[in-house]
Each structure stands twice: as C-alpha cells, then as structure tokens.
Amino acid sequence: MKNNDITHFGYQSVPTREKNKRVTAIFDAIAPRYDLMNDVMTGGLHRLWKRYTIELSGIHQGQSVLDLAGGTGDLTLRFSKLAGKNGRVILADINQCMLRVSQDRIAKSQDQNINIIQANAEHLPFADNTFDCISVAFGLRNITNKQLALDSINRTLKPGGRLLILEFSKPKGAILSRLCGNYSFKLLPTIGQLITGHRAPYRYLAESIHMHPDQNTLKSMLQKAGFKRVDHHNLSGGIVAVHRGFKA
Ligand SMILES: C[S@@+](CC[C@H](N)C(=O)[O-])C[C@H]1O[C@@H](n2cnc3c(N)ncnc32)[C@H](O)[C@@H]1O
C-alpha cells in the first residue's frame, strides 16, 4: 500500500495513512463510557452476541487465545475463564485509552492468565503458529487494511486454529434494513451525544457499518487470506454476523 492511497473513513475518503489517526481519536473520546454506551445502544444485545461468539470458539482449558481489537476486554474476560490457569489470553488493541479501561477491569477480575499489549492488527508482533483461536469483535470495520490484518491473523494462528469475527453486517429483508438504517443514522448519534458527550463517533459508527463488506464479501476475504471451512452465522436477523474460518 502506498502512502498516497485513499481509503474510507465512514463516508469520507481519506489518505490511507490518516485513517488510523482518525479511528484513534474516536476511541480516545469514547473509551471512558464505551461499555455503558454498548449496553444502551444495543439494549444489552451485544452481551448475547459475544456469548454466542465464545460458544462457537470451542475454547477449552490450556489453549491460547488472542482477543484482537479487544478494547475494554469483554471477550478477553470470558476467554480467560475457559482457557484456565494453564491457558493464555492476550488482549491486543491499537488504542491506549481503550487498553487503560481493560487494564482496570482485568486487574479487578484477578484473572492471572491475561496479558495486554498495544498492537496494530495489520502487523501482529507474534511468531507464526502461536494461537489456537483469534477473535475480532466489532474491530475489523475500523482497521485500515482488512486483508493485511486477515493475512497477519492467518500467519499467527496454529494450523487448525480458528478465527472468529463478530461484526455488524447486512440485515436480512428490506424492513429490518430500513429500521436499522433509521436507528443508526437518526437516533444513535443523539444517544451517543447524551451518554458520551460526543456525536461524531456515532455518526462514524453508522457510516462505517453501512460501508462494511456484507456476509458473502467478508467470507471471500477470509478465503483469500487462506482460511478454510469458512461459514457465517447471522444473529438478530443479520444485524450482526459471526464469521468463522480455520487455518489449514
Ligand atoms: C468497537 S471497539 C470493539 C472492542 C471490543 N472488541 C468489543 O467488542 O467491545 C473496536 C476496537 O478496535 C480497535 N482497533 C481499531 N483499529 C485497530 C487496529 N488496526 N489494530 C488493533 N486494534 C484496532 C479500537 O482501538 C477499538 O478498541
């Protein structure tokens, strides 16, 4: 990728080298109230979507997991219990403010098998064939070069290891699609303003959901990165989907 390449940031076209900075500014602004806002804007549904993702992971005692773009640590904390004291869970995220929130939560949980690191998903600082499972929950949408990130994930998974991507997707049917569009463009920025004091991040959220690849496009991207047996599971009528793929 050249420095003068253009990518999208919501509906805006921005130089590729700019996108990370803009995404960082968004999460710097909302980190302190991120968890509360998640509960309010999804009516608590994000907890069920995450639980489903964890169930699909099949993680058991002694395994190693990377919760990539792990943010404030929701999935990390759940994986930690399943991996147990002989397992290891790494939470990696590019944003220091989000990591600070996760550090506080993880310290309170007293789980001993978690490490937190700052890393860019496009260039993971881990050896080849390290993890049994890598999860990316609501993170892929924000990554500048998604294909590069998928390649990097594939490289660091063990053979037979699985990737789980939980992300907003394309709702099934015109009515649900229109309802979601109205909710995310008309209501969400106002709720965001009231709870976090910031409107723009939630306008970006609505736009980035709309720009994100649909279920089949994302499936092809996983296959292009070398994943096998790729499937997806629509949740809440396709408002979100979990994609799963295995390293050959
Ligand atoms: C919407 S939050 C999701 C957090 C958490 N996974 C969850 O489900 O609640 C998206 C996260 O992706 C992170 N992120 C964005 N770009 C990234 C990148 N290139 N590499 C790693 N993390 C990134 C952001 O810093 C943010 O914490």
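Between residue 158 and residue 109, 0.36 nm times their residue separation minus their Cα-Cα distance comes to what? Don't skip to the end; give the middle numbers.
Details: separation 49, 0.36 × 49 = 17.64 nm, distance 2.82 nm.
Gain on extension, residue 158 to residue 109, equals 14.8 nm.
For the stretch 150-226, run through the trypsin sites (Lys or Arg not before Pro) and keep only the ones in DSSP coil with at most 14 other Cβ atoms within 10 Å of their Cβ. Could you put the intermediate results ahead of the total?
On the way: sites: 155, 162, 172, 178, 186, 199, 203, 219, 224; in loops: 172, 199.
For trypsin sites (Lys or Arg not before Pro) across the stretch 150-226 that sit outside H, G, I, E and B with at most 14 neighbouring Cβ atoms in 10 Å, the list reads 172.
For 64, 169, what's the fewest-to-most ordering of other Cβ within 10 Å of each Cβ? Could the numbers behind the result be given before it?
Working: 64 20, 169 25.
Taking fewest neighbouring Cβ atoms as first place, the list is 64, 169.
So what is the calculated 222 nm ellipticity per residue for the chain, using -39500 (n - 2.57) for each DSSP H run with n of 4 or more, over all residues, to the nearest 500 deg cm²/dmol?
Values: 10 runs with 112 residues, N = 248.
Per the formula, -13500 deg cm²/dmol.
Subtract the Cα-Cα distance of residue 228 and residue 47 from 0.36 nm times their separation in residues, and report this length gain in nm to one decimal. Don't skip to the answer; put the middle values down first.
Numbers: separation 181, 0.36 × 181 = 65.16 nm, distance 2.77 nm.
Between residue 228 and residue 47, full extension yields an extra 62.4 nm.
Please state the relative contact order of the stretch 64-118 as a whole percent: Cα pairs under 8 Å, 6+ residues apart? Working shown, then result.
On the way: 95 pairs, mean separation 23.2, N = 55.
The value is 42 percent.
Compute the Cα gyration tensor for the stretch 56-138, then decide on rounded, prolate or oblate, letting a ≥ b ≥ c be the square roots of its eigenvalues: rounded whenever a/c is under 1.5, prolate when a/b is larger than b/c in the other cases, and oblate in all that remain. Provide the component values of the computation, followed by the final result.
Values: a/c = 1.69, a/b = 1.09, b/c = 1.55.
Judged from the Cα gyration tensor, the stretch 56-138 comes out oblate (a/c at least 1.5, b/c at or above a/b).
Between the stretch 3-47 and the stretch 63-133, what's the alpha-carbon centroid distance in Å?
20
Take the alpha-carbon centre of the stretch 199-248, take the same for the stretch 154-182, and report the distance between them in whole Å.
3
With a ≥ b ≥ c taken as the square roots of the eigenvalues of the C-alpha gyration tensor of the chain, please select rounded if a/c is under 1.5 and otherwise prolate if a/b is larger than b/c or oblate if it is not?
Working: a/c = 1.37, a/b = 1.24, b/c = 1.10.
Rounded, because the longest to shortest axis ratio a/c is under 1.5.
Rounded, prolate or oblate for the stretch 75-206? Axes are the square roots of the Cα gyration tensor eigenvalues, ordered a ≥ b ≥ c, and the cut-off for rounded is a/c under 1.5.
Working: a/c = 2.07, a/b = 1.52, b/c = 1.36.
Since a/c reaches 1.5 and a/b is larger than b/c, the shape of the stretch 75-206 is classed as prolate.
By a straight-distance test (C-alpha under 20 Å), which aspartates and glutamates pair with residue 186 as possible cross-link partners, with residues fewer than eight away in the same chain excluded?
Reachable aspartates and glutamates: 39, 207.
R0 = 35 Å: FRET efficiency of residue 151 with residue 177, Cβ-based, nearest 0.05?
Working: r = 31 Å, r/R0 = 0.89.
My answer for the efficiency is 0.65.
Normalising by the residue count of the chain, find the relative contact order in percent from Cα pairs under 8 Å and 6+ residues apart.
Details: 461 pairs, mean separation 46.5, N = 248.
Result for the chain is 19 percent.
Throughout, read-outs are computed from the coordinates displayed, never taken from laboratory work. This one's a predicted model, so the numbers in the text were calculated from it and none came from an experiment. Here Cβ is always computed from backbone atoms with ideal geometry, including for glycine, and neighbour counts include all displayed protein chains.
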